[in-house]
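What follows is calculated from the coordinates using simple rules that are stated; it is not laboratory data. What you see is a predicted model; the values in this text were computed from it and never measured. All Cβ positions, glycine included, derive from the backbone under ideal geometry; neighbour counts span all protein chains shown.
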Amino acid sequence: MQELTHFINGEHVKGTSGRFADVMNPATGEVQAKVPLASKEEMDAAVAAAQAAQPAWAAVNPQRRARVLMKFVDLLHRDMDKLAEKLSSEHGKTFPDAKGDIQRGLEVAEYCIAAPQMLKGEYTDAAGPGIDIYSMRQPLGVTAGITPFNFPAMIPMWMFAPAIACGNAFILKPSERDPSVPLMLAELLEEAGLPKGIIQVVNGDKEAVDAILYDPIIQSVGFVGSTPIAEYIYGTGCAQGKRVQCFGGAKNHMIIMPDADLDQAADALVGAGYGAAGERCMAISVAVPVGEETADKLRDKLIPRIEKLKIAPYTAGDDVDYGPVVTAAAKENILRLVQTGVDQGADLVVDGRDFSLQGYEDGFFVGPHLFDKVTKDMDIYKTEIFGPVLSMVRAQSYEEALGLAMDHEYGNGTAIFTRDGDTARDFANRINIGMVGVNVPIPVPLAYHTFGGWKKSAFGDLNQHGPDAFKFYTRTKTVTSRWPSGIKEGGEFHFKQMD
Ligand code: NAD
């Protein structure tokens, strides 16, 4: 059995706590590795190494720091297949999807190569007689991030790329479900020339998270994961005086207007609802057709598309639509919620409950489900299922559809499918959700924009990546300076009389 490590001060180090978690192969249901769960003492060692290394890194000029990221991007391209293979084997997502996970993180690293430009600061010349004012952006020091299982490459890169570009040291506590790729990324950063101690990976669970939250040296905490944990980390971290940003769960609605191209909408829904087995925070989990006729037609178009989905391990080829979910517990939770949908009276028009894959009976595969006539009071509507389950909620008008999305407690992403520019514009303006797609089902912004939800999907003031990341990972210092008139009045050729 492979025993994974931590990556502390540039070295792979074995866990010393005696506690481990199983890393599964979700396709077979087998344990493929053991990951150590760090104690407070192990986290303290990483913090001490980070604190010792950070000042020298902050003193490296931003262009040279950016060059490390340039080289890192090259190494990601070199090792793309190797990373994607490992990612798929621990997470379960398809091979092309695993490459997408790495690619979207890589693009954030590429964006952070602009660090010299982003860190230039501000300057006011002659703010008063002989007075200039300038503001500089300085690194925070030692920073930390806690990431979820569903994007084990992209989300760590969302955090560490800007953190280190700004001159910080960064401690990553990745998900214990798929920790290998984060460890590989840390190795690549070091190969790219990052000094020891600037990126460290400390594996663990709540104990390691609490060690981060209560450590007085760590200045900031980034979190992505489920909303209850996001709320805990935000509350605790802020109370400890840290800068904190937390991104939580979602229930993303897609509104389908009667004038939409329904084939296009159905294709989009199948990809956005079932891709990655629904384990995306930007997955569409609620379809809201407007009008009974739109709903009936959409359902008829969805059913054959859903029934055709190829569900298999990533090793079965690039035409696999989705793979297993991450753990047996996740599968159990999804099937439990499906049962509540049936019990509470929703119409289960595609039933994936009996799905089984020959040769992979112990894998965590979940068949696709489609519910129709879901209502606001049902658990499958209120709860984030995080599985291949799409719910249709029929709305009688645009205003009712808009109201549904607005009233839901989550506000991560949403989409509208329509041919009418005025409706799309009205929707984009009024909706209280952070990321909006117009005929785009999964509107994940590119690296140079920012990513973040509203309501119970995000806690904190700044979004991830884009310009916000350079604000989050630096603090502003403003200097007001006055230089009285001096040498320019002319050289002194005689000793002055002392008086
Ligand atoms: P999770 O909340 O279970 O775990 C996230 C991280 O928190 C992991 O590193 C985990 O070890 C740690 N953690 C778990 N329990 C903890 C506890 N009690 N105390 C302290 N730390 C704890 O989330 P997950 O299952 O890994 O990921 C799926 C969730 O993440 C979904 O809700 C999804 O919507 C959300 N997500 C959100 C975004 C976003 O940007 N909004 C992006 C991706 C995923």
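In this structure, the residue pairs whose Cα-Cα separation is over 18 Å, taken from Lys120/Lys471; Lys297/Lys376; Lys34/Lys173; Lys251/Lys382; Lys308/Lys376; Lys34/Lys196, are Lys297/Lys376; Lys308/Lys376; Lys34/Lys196. Karplus-derived 3J(HN,Hα) values for region 299-307, using 6.51 cos²θ - 1.76 cosθ + 1.60 with θ = phi - 60°, are 4, 5, 7, 6, 4, x, 5, 5, 5 Hz; glycine and proline are entered as x. Distant-in-sequence amide contacts of Ile146, defined by a placed amide H-H separation under 5 Å and a gap of 5 or more residues or a different chain, comprise Lys173, Gly222, Phe223, Val224.
Bridge orientation summary for region 252-438: considering DSSP beta bridges with both residues in this region, about 15 percent are antiparallel. Treating the angle as unsigned and between 0 and 90°, give the value, to the nearest 10°, between the Cα long axis of helix 154-165 and the longest Cα principal axis of the chain. For 154-165 against the chain, the angle is about 10 degrees. Output the 0 to 90 degree angle, nearest 10, between the alpha-carbon long axis of helix 40-59 and the longest principal axis computed from the alpha carbons of the chain. The two axes meet at around 50 degrees. Taking other C-beta atoms within 10 angstrom as a stand-in for reagent exposure, Trp57, Trp454 fall in the order Trp454, Trp57, fewest first. Using θ = phi - 60° in the Karplus curve 6.51 cos²θ - 1.76 cosθ + 1.60, the 3J(HN,Hα) couplings for region 365-382 round to 7, 10, x, x, 10, 10, 9, 10, 6, 7, 10, 4, 7, 7, 4, 5, 8, 6 Hz; x is entered for Gly and Pro. Within 9 Å, Cβ to Cβ, of Leu140, how many net charges do the neighbouring residues add up to if Lys/Arg are +1 and Asp/Glu are -1? Computed value for this residue: +2.
Taking amide H as placed 1.01 Å from N in the peptide plane, the amide H of Gln32 sits under 5 Å from that of Val23, Met24, Asn25, each at least 5 places away or on another chain.
The value given for the chain is a Kirkwood hydrodynamic radius of 24.2 Å, derived from the mean inverse Cα-Cα separation. Computed from backbone phi, the HN-Hα couplings of region 21-33 come to 10, 7, 9, 8, 9, x, 6, 10, x, 8, 7, 9, 7 Hz, rounded to whole numbers (Karplus: 6.51 cos²θ - 1.76 cosθ + 1.60, θ = phi - 60°; Gly and Pro given as x).
Look at Phe95, Phe20 and count the other Cβ atoms within 10 Å of each Cβ; fewest to most, that gives Phe20, Phe95. Placing a pseudo-label 7 Å from each Cα along the Cα-to-Cβ vector at Lys196 and Ala52 gives an inter-label distance of 0.8 nm.
Semi-axes of the equivalent ellipsoid for region 252-438, computed as √(5λ) from the eigenvalues of its C-alpha gyration tensor and ordered from largest down, come to 28, 17, 15 Å.
Normalised by 2.2 N^0.38 Å, where N counts its residues, the alpha-carbon radius of gyration of region 404-444 equals 1.07. Rounded to the nearest 10 degrees, the angle from helix 62-78 to the longest Cα principal axis of the chain is 30 degrees.
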